[in-house]
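Read the structure below first, then the notes.
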C-alpha cells in the first residue's frame, strides 16, 4: 500500500535495497526496532508523548484521526455511550491504546476484541454486514470505504487529529535526519501526490 510505495521510492532515491518485513502488530514492530531487528518502522504510527520518549519519529507524513465505524441505524455520537460496548480491531492495532485511554476517560469498560484473522478493511465489511457492531478505522480510509458501503456511519471521532510518522531508534539521529531531509523533498513531488491520491 501507501507505505510500501514510499519505501520503494526511498530505495530508488537512496540507491539501496531494503529488507522489508510485513508485520501487522505495532507492538511487535516497535519491539523489533528496539532489538535492532529493524532500522525503520514504516507505517502510520499515531505519535504520542509516551512513544516520543522511546523512539525517534520523522516529520509527519500524514495527518489523520481514528473514527468509529458502525451501522447508520441509531449511531453513537457520545463517547459515554460506548460504555459496555464491544469494539473489534485487528491484533496489535495502534488504536488499542486509544480505546484503553477512552475507557478510563469515560470511567467505564469498553471491551476490545483483537482479531488475528481480519485486517481493518475486512472488519469494516463485517460491520456493514451486521456480523459485528463496531470497529475503528483511520478517517481517510473510513470515508473511502463509506462510499462503497453506504450502510456504515463514520462520523464519530475516537481520537483528535494526530501526526503520523515513521519511527527509528533513539540512537539513530543520522538516519532520522536523512529520512526527514528525504521526506521534506519527496512530499513536495508530483510522485508523492500521485501515491497519496491513489490511497487517500
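None of the figures in this text is laboratory data; all of them are computed from the coordinates on show. All of these numbers come straight from a predicted model, not from anything done at the bench. We place every Cβ from the backbone using ideal geometry, glycine too, and count neighbours over all the protein chains shown.
Counting only DSSP beta bridges with both residues in the chain, tell me the antiparallel percent, nearest 5.
Numbers: 17 of 23 bridges.
If we restrict to bridges inside the chain, about 75 percent are antiparallel.
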Legend entry - Relative packing of 107-117, 27-37, which averages over residues the other C-beta atoms within 10 Å, highest first: 27-37, 107-117
Inset, instruction - Using only the alpha carbon atoms of the range 66-157, find the Kirkwood hydrodynamic radius as the inverse mean reciprocal pair distance, in angstroms to one decimal. - result: 13.0 Å
Inset, instruction - Throw me the Rg/Rh for the range 110-200, computed over C-alpha atoms with Kirkwood Rh, two decimals. - result: 1.07
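Just round it to a whole percent: the fraction of Cα-Cα distances in the range 60-102 exceeding 12 Å. Each step should come with its number before you reach the end.
Values: 647 of 903 pairs.
Of all Cα-Cα distances in the range 60-102, 72 percent exceed 12 Å.
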Legend entry - Folded to 0 to 90 degrees: helix 2-14 orientation relative to the chain principal axis, Cα: 0 degrees
Inset, instruction - Taking every pair of alpha-carbon atoms in the range 87-129, give the share separated by more than 17 Å as a whole percent. - result: 34 percent
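Given the Cα atoms of the range 1-45, and with Rh set as the inverse mean 1/r over their pairs in the Kirkwood sense, what is Rg to Rh to two decimals? If you can, show how the numbers build up before the last one.
Numbers: Rg = 10.9 Å, Rh = 11.2 Å.
Here the Rg-to-Rh quotient is 0.97.
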Legend entry - Rh by Kirkwood over Cα pairs, then Stokes-Einstein D for the range 33-89 at 0.890 mPa s and 25 °C, µm²/s: 164 µm²/s
Legend entry - Acute angle (nearest 10 degrees) that the helix 173-186 long axis makes with the longest principal axis of the chain, alpha-carbon atoms: 80 degrees
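What ranking do 9-21, 89-101 get when scored by the average of other Cβ atoms within 10 Å per residue, highest first? Write down the numbers at each step before the final one.
Numbers: 9-21: 11.3, 89-101: 18.8.
Ranking, from highest mean packing down: 89-101, 9-21.
When the convex hull of the Cα atoms of the chain is projected onto a plane and the area is averaged over all directions, what value comes out in nm²?
Details: hull surface 46.3 nm².
Projected over every direction and averaged, the Cα hull of the chain covers 11.6 nm².
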Inset, instruction - Would you mind checking the tilt of helix 139-148 against the longest principal axis of the Cα atoms of the chain, expressed as 0 to 90 degrees and rounded to 10? - result: 60 degrees
